[in-house]
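First comes the structure, then the notes that go with it.
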Amino acid sequence: MKIVFLDAISMGDVSLEEIAALGDFTSYPSSTAQEARERVKDADVVLLNKVVVDQAFLDAAPRLKLVCEAGTGINNIDVELCKKRGVVVRNVAGYSTDSVAQTAWMHILNLAGHAFHYQEFVRSGQYSKNPVHVDYRHPFVELAGKTLGIVGMGAIGQKVAAIARAFGMEVVYFSTSGTGHCKDYPCVSLDELLERSDVISIHAPYNERTAGLIGYEQFRKMKPTAYLVNTGRGGIAVEEDLARALDEGLIAGAALDVYVKEPLPAESPLMHLVHPERLLFSPHIAWYSKEARARLAHEMAENIKRGW
């Protein structure tokens, strides 16, 4: 069995030995579309993270039986076409729940606690020249008693909600699918969530229901003291509108781990704010803990063992 991993660089230093033991394994750090087509000519199984699986890809892989997504989202794969060709598609769900929840809370705590401001205040020497022992100009706010609004109450959303309860926060959520299946917290309309929440955390997939879900008009409905955190998918919050909302002070701040185009282009409006201190970035690393990647590698091996 010929197994090819087309963009293994995303796995970092995690061992792929469990996968390699299952057949004739070849791994490439990355692959352009043309390189991918050349590298899958004799492949039975393909593993990939961002490489696009379309008609040209499938035409180049006559032996292909299984496509394993190195992650959860499969927007890069034409699943229907794979089905017509008799190619099985499998992803890995749940491997990064703890990792993403932790990253979301890293951002929430940094925003509410002004962590980066305080770091710079001390490191720059401003604190050493301060007339008193505290930075009295920039007090932080307590999360206890505040409301966390979650967009998408799946496994990650529920993990984030459980942590919020430990901080003494109230939790509401908006169901992007319209099902409202989680009964542990109130399911509300998007407008109510926007108006009530002190922190909004996005944990929804990117699809026709969530694309551009939060734009300028939605930011206008949020509290001016509210924060937005997106560790879900880029494009759910409109980037140009978020930049405008931050500079106009419609919301107090935001933190992003995901973007419409990744890596984030240098010309993005998010990179040229008048008030850059209101926006925190991370480079799509919410899923990237060492433990999460180890689980991902193991589950991809299990997906191959299941056959087709």
Those residues of the stretch 189-228 which are of a type in the set (A, V, I, L, M) and without any contact (Cβ under 8 Å) to a residue 24 or more places away in the chain amount to none
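For every residue, the table says whether it meets (1) in contact with a Lys or Arg (Cβ under 6 Å, 6 or more places away or on another chain); (2) farther than 27 Å from residue 173 by Cα; (3) not hydroxyl-bearing (Ser, Thr, Tyr).
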{"position": "225", "(1), (2), (3)": "no, no, no"}
{"position": "233", "(1), (2), (3)": "no, no, yes"}
{"position": "237", "(1), (2), (3)": "no, no, yes"}
{"position": "240", "(1), (2), (3)": "no, no, yes"}
{"position": "246", "(1), (2), (3)": "yes, no, yes"}
{"position": "253", "(1), (2), (3)": "yes, no, yes"}
{"position": "263", "(1), (2), (3)": "no, yes, yes"}
{"position": "274", "(1), (2), (3)": "no, yes, yes"}
{"position": "280", "(1), (2), (3)": "no, no, yes"}
Among helices (runs of 4 or more DSSP H) entirely within the stretch 1-76, at least 2 residues that are closer than 16 Å to residue 302 by Cα and acidic (Asp, Glu) occur in 17-20
Here the residues within the stretch 165-181 that are closer than 20 Å to residue 198 by Cβ and touching a residue at least 24 places away in the same chain (Cβ under 8 Å) are 167, 168, 169, 170, 171, 172, 173, 174
For the stretch 77-88, the count of residues that are within 18 Å of residue 10 (Cβ to Cβ) and surrounded by fewer than 16 Cβ atoms within 10 Å (Cβ to Cβ) equals 0
Counting only residues in the stretch 94-121 that are hydrophobic (A, V, I, L, M, F, W, C) and out of contact with any helix residue (DSSP H, G or I) (no Cβ under 8 Å at 6 or more places or on another chain), the one farthest from residue 45 (Cα to Cα) is identified as 112
Per the list (1) touching a residue at least 40 places away in the same chain (Cβ under 8 Å); (2) loosely packed, with under 14 Cβ neighbours inside 10 Å, residue check on residue 59 breaks on (1)
- request: Would you check if residue 12 is open to solvent by less than 40 Å² (accessible area, probe 1.4 Å) and at positive phi?
  value: no
Within the stretch 112-122, restricting to residues that are at negative phi, of a type outside the set (A, V, I, L, M) and touching a residue at least 24 places away in the same chain (Cβ under 8 Å), the one that is least open to solvent (accessible area, probe 1.4 Å) is 113
Picked from the stretch 123-178 (must be open to solvent by 80 Å² or more (accessible area, probe 1.4 Å) and in contact with a Ser or Thr (Cβ under 9 Å, 6 or more places away or on another chain)), the residue nearest to residue 188 (Cα to Cα) is 170
Within the stretch 79-108, restricting to residues that are over 21 Å from the mean Cα position of the chain (by Cα) and part of a loop (DSSP other than H, G, I, E, B), the one that is nearest to residue 159 (Cα to Cα) is 87
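The values are calculated or read from the model by the stated rules, or taken from the named source; none is laboratory data. Model, not experiment: these values are computed from the prediction. A quick note on method: Cβ atoms are made from the backbone with ideal geometry, for glycine too, and the neighbour counts reach across all protein chains shown. The area values use the complete protein model at the heavy-atom level, side chains included, leaving out ligands, DNA and RNA. Shrake-Rupley method; radii C 1.70, N 1.55, O 1.52, S 1.80 Å.
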